Amino acid sequence: MEKSATRNESPAPAPTDVIAYDPNGIERKWQRIWQERGTNSTDIENAARPFYALMMFPYPSAEGLHVGNLFAFTGNDIYGRFQRLMGHNVFEPLGYDAFGIHSENYALKVGKHPMELIPRNIANFRRQLERAGLMVDWRHTLSTTDPEYYKWTQWIFLQLMNQGLAYRKQAAVNWCPNCKTVLANEQVVGGVCERCKTPVEQRSLEQWFFRISDYAPRLLANLDHIDWSETTKTAQRNWIGKSEGAEIGFPATDAAQGGACEIRVFTTRPDTIFGATYLVLAPEHPLVDSLTQATHRKDVNAYRERTKKQDLVTRKTSTEKTGVFTGSYAVNPATNAPIPIWVADYVLMEYGTGAIMGVPGHDSRDFEFASEFKLPIVRVVCGEREDKNTPLTEAYTDCDLGTMVNSGPLDGLGVDDAKRRIVEILSAKGAAKAVVNYRLHDWCISRQRYWGPPIPIIYCDSCGVVQVPEKDLPVVLPFVEDFKPDDSGVSPLARHEEWYRVPCPECGKTARRETDVSDTFLDSAWYFLRYPSVAHNNVPFDRELTRKWLPVTSYIGGNEHAVLHLLYSRFITMVLQEAGHLDFEEPYTKFRAHGHIIREGAKMSKTQGNIVNPDEYIEEWGADAFRTYLLFLGPYEQGGDFRDASIPGTRRFLDRLFASVQTMSDAGEPDPDVMRKLHQTIKKVGDDIPRLSYNTAVAAMMEYMNVLRKGERTPHRDEVVPMISLVSPFAPHLAEELWEQTGGTAKAPSVFDAGWPEFDAAFAAEDSIELVVQVNGRVRSKIRVARNIDQTAAVEAAMSDATVARFASGAPKKIIFVPGRLLNIVV
Ligand SMILES: [Zn+2]
Ligand SMILES: [Zn+2]
């Protein structure tokens, strides 16, 4: 339907054309030639000026390439091709992120095996990507599902383990009872599974973690000196979540034994301790049992049971405040007053110490909680025009304007001073210490699923946790028919005895394999290291090639990966550097986030039925027109609105360029006005592309095309030929064809090896200038005149300006004229 509707708008060739622009023919021809000549193959070993233009690799879905992928990749391709025109040896690899729950769930849904589906999907992606004309070096492709690849993913796991950075612990996790898997916090949206919308529960499982939280200070500090999109850096800073504060001990008494114990809380507002009127423990806090009085035990236990059924995200975001009193009291070390100890789910064991001091006067959540349970609310900070008796109708949280009140030795201090002072006072008594806290948790890499690289660990009754020796890698994921997860919480691999039982590498007795596979984010945390070295199967990455090509020169991807993939890959790089495998600690020298495209004002989605299938559009308009349109529809870093009606305009632009080459003439001289516009365009496009301002670059070229063909004039060869290079990053096939037609191949076989057109500032200079006009020495106007205007003509032009005429009535006494700059009329 859609196809025939748009076909009618196909531009008919202009009657003057010698031959018509046939994108399909041209594109297939050049794709074949590129393949035969290895035009897109980078000389990895010998490159003199390596430029690694990386794009985020796609998950090869069964639906095929999404137009959003193509928007992202084409943006990277234009940048890469431009860098090649600037004389770099550009390496533009592309592979597939093919493990993970998306593929597995899809396979389950359609009743096929992922080992069957993935190669098919990859072949389809490859076909689509090649058709789009990307400058990808396909000799260096990879798939994370290839045992030759995940052998090294497993090797990386072992490197972390050897560095003491991998450990097992029992942990509360989000559990989707439908997908039967653990979910990361970001896969839980509004308390339900992001994928299947089933309410998420909490479970406790033994899992593998990486100590990324140890790297929080370094991950944060390096953000100050890497050249990344600010939006991405901000997202990482917030995710790492550094907060400076204090850990404070509140003495309490064990309810059962009567012994002394201490509840430690972390707070970023130690200054408000005089307003701490209660403590709250997370339901999982280890002291809850011993602190609960017998009279309150039933209520506390019931509350803890209820909490277990909740997921972590709901607990963090829920506005409803629930809780239960333990019957016990602790001592506020600042006031020495007893304060009640509560248990509530708004406190998480994972953050800080799993306990907080409740300061309802100055924390909004505490205010709600205290209001709900009728706990005392005390003001200890007041703002302007407030004093210690001003009632609180809500929490007062402003730190900048606050002054301490009702706080003994802190009274009268500003908030920052009070923070420092109270930590000094309490530290002297051994009751507090200054600490820095991070929101970043350790990375749980265990997945109780099938479709991933098995974690290379063996459990032996005699030897304990044993690593699979490097020589036995990869631990190959076996082909099993029955890979559906069940309710056991154990990976389906555990049901396959012949794989599960294995001799212990140390003692030889029968032992058991780890049945969890690793998180897909581990696959993608190091893939960029592999591309240059795909031919080297004895190492994860060749030392020399890595030194030559890495860190990645330029990385382009979506901001939806700002915190997980981009943070994990930084972490893994740091770890590998510390282990002596890499010479750098930051993987991507430059990162730019691209925007996203919508269609006709609406978000594209399968359910809306408004997905753009790139195949149809490329068939209809040609890959070059489609690429150019995609990058013309909005600023690359912001995205834009895909409108079917706008594509013909872009295609017409390429048609006109093609026609210009067919009709151009060598006779006579080029038109100076056209040449001026040409050089202005060379400058603008050359400035815009490295800034990723593709839409403005295309607009400038279109504008030039209008000047070039004004009144359907016959263009001069010199006015046309440089345009072939300017358009080449956008429309590479057309550019190669025109390069060949105009004899460029005598200079360089490919337009991409011919360099960027020379910009001549003299050509580009505007012939008109702005002349400052003064009357009696005071500036009255600025007028645009020809650069070489003489005095008489300048005076005449100035007098035709209304303002000048008003001030300079009557015959001038004297004229001061500085050609090209200034005219002063003295009257
Ligand atoms: Zn689910
Ligand atoms: Zn053993």
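The values are calculated or read from the model by the stated rules, or taken from the named source; none is laboratory data. In this text, all values refer to a predicted model and were calculated from it rather than measured experimentally. Neighbour counts are summed over all protein chains in view; Cβ atoms, including those assigned to glycine, are modelled from backbone coordinates with ideal geometry. Heads up: the accessible areas ignore ligands, DNA and RNA and are worked out on the full protein's heavy atoms, side chains in. Shrake-Rupley method; radii C 1.70, N 1.55, O 1.52, S 1.80 Å.
Site pair residue 809 and residue 37 shows an inter-label distance of 7.3 nm when each label is modelled 7 Å from Cα along Cα→Cβ.
Around the amide H of residue 95, modelled in the peptide plane, lie the amide H atoms of 142, all under 5 Å away and 5 or more residues distant in sequence or on another chain. Straight-line cross-link partners of residue 429 among the lysines, defined as a Cα under 19 Å from its Cα and at least 8 positions apart when in the same chain: 419. Here residue 594 sits with roughly 20 square angstrom of accessible surface, probe radius 1.4 Å.
Here the spin labels are modelled as points 7 Å beyond Cα on the Cα-Cβ line, and at residue 227 and residue 767 they lie 3.9 nm apart. Across the range 97-196, Cα pairs under 8 Å and at least six residues apart give a relative contact order of 17 percent.
Shown is the FRET efficiency for residue 500 and residue 433, computed with R0 = 35 Å from the Cβ-Cβ distance and rounded to the nearest 0.05: 0.15. Seen against the Cα atoms of the chain and their longest principal axis, helix 364-373 is set at about 40 degrees. In the chain, helices alone account for a calculated mean residue ellipticity at 222 nm of -10500 deg cm²/dmol, with every DSSP H run of four or more residues adding -39,500 (n - 2.57).
In plain terms, the chain from residue 746 to residue 253 could stretch by 168.5 nm, reckoned as 0.36 nm per residue minus the Cα-Cα distance. Calculated accessible area for the range 235-318 comes out at 44 Å² per residue, all protein chains present (probe 1.4 Å; ligands, DNA, RNA ignored). Close amide H contacts of residue 242 (hydrogens built in the peptide plane, cut-off under 5 Å, sequence separation of 5 or more or a different chain): 439. For residue 198 and residue 778, the difference between the fully extended length at 0.36 nm per residue and the C-alpha to C-alpha distance is 201.2 nm. Peptides 452-458, 772-778, 80-86 ranked from most to least packed by the mean count of surrounding Cβ atoms within 10 Å: 452-458, 80-86, 772-778.
Residues whose amide H lies under 5 Å from that of residue 781, counting only those 5 or more places away or on a different chain, are 773; hydrogens are built 1.01 Å from N in the peptide plane.
In order along the range 260-266, the Karplus-derived 3J(HN,Hα) couplings, from 6.51 cos²θ - 1.76 cosθ + 1.60 at θ = phi - 60°, round to 7, 9, 9, 9, 9, 10, 9 Hz, and Gly and Pro are given as x. Annotation for the range 369-412: trypsin sites (Lys or Arg not before Pro) lying in DSSP loop with at most 15 further Cβ atoms inside 10 Å of their Cβ are 374, 385, 388.
Listed by chain and number, the aspartates and glutamates placed with their C-alpha closer than 15 angstrom to that of residue 782 are 770, 796, 801; residues fewer than eight positions away on the same chain are left out.
Given a 1.4 Å probe and every protein chain left where it sits, what share in percent of the accessible area of the range 652-796 is carbon and sulfur? Display every interim value, and only then the final one.
Numbers: 3020 of 6330 Å².
Carbon and sulfur: 48 percent of the exposed surface of the range 652-796.
Show which lysines lie in cross-link reach of residue 109 when reach means a straight Cα distance below 20 angstrom and same-chain residues fewer than eight apart are skipped. Reachable lysines: 180, 197, 484, 606. Each of the peptides 575-581, 418-424 was scored by the mean count of other Cβ atoms within 10 Å over its residues; in descending order, highest first, they stand as 418-424, 575-581. Across the range 193-199, computed HN-Hα scalar couplings (Karplus, 6.51 cos²θ - 1.76 cosθ + 1.60, θ = phi - 60°) run 4, 4, 7, 10, 6, 7, x Hz from first to last residue, x flagging Gly and Pro. Across the range 355-429, Cα pairs under 8 Å and at least six residues apart give a relative contact order of 23 percent.
Normalised by the number of residues in the chain, the mean separation of alpha-carbon contacts (under 8 Å, six or more apart) gives a relative contact order of 14 percent. The angle between the Cα long axis of helix 415-428 and the main principal axis of the chain comes to about 40°, on a 0 to 90 degree scale.
Using θ = phi - 60° in the Karplus curve 6.51 cos²θ - 1.76 cosθ + 1.60, the 3J(HN,Hα) couplings for the range 468-477 round to 5, x, 3, 5, 8, 7, x, 7, 6, 5 Hz; x is entered for Gly and Pro.
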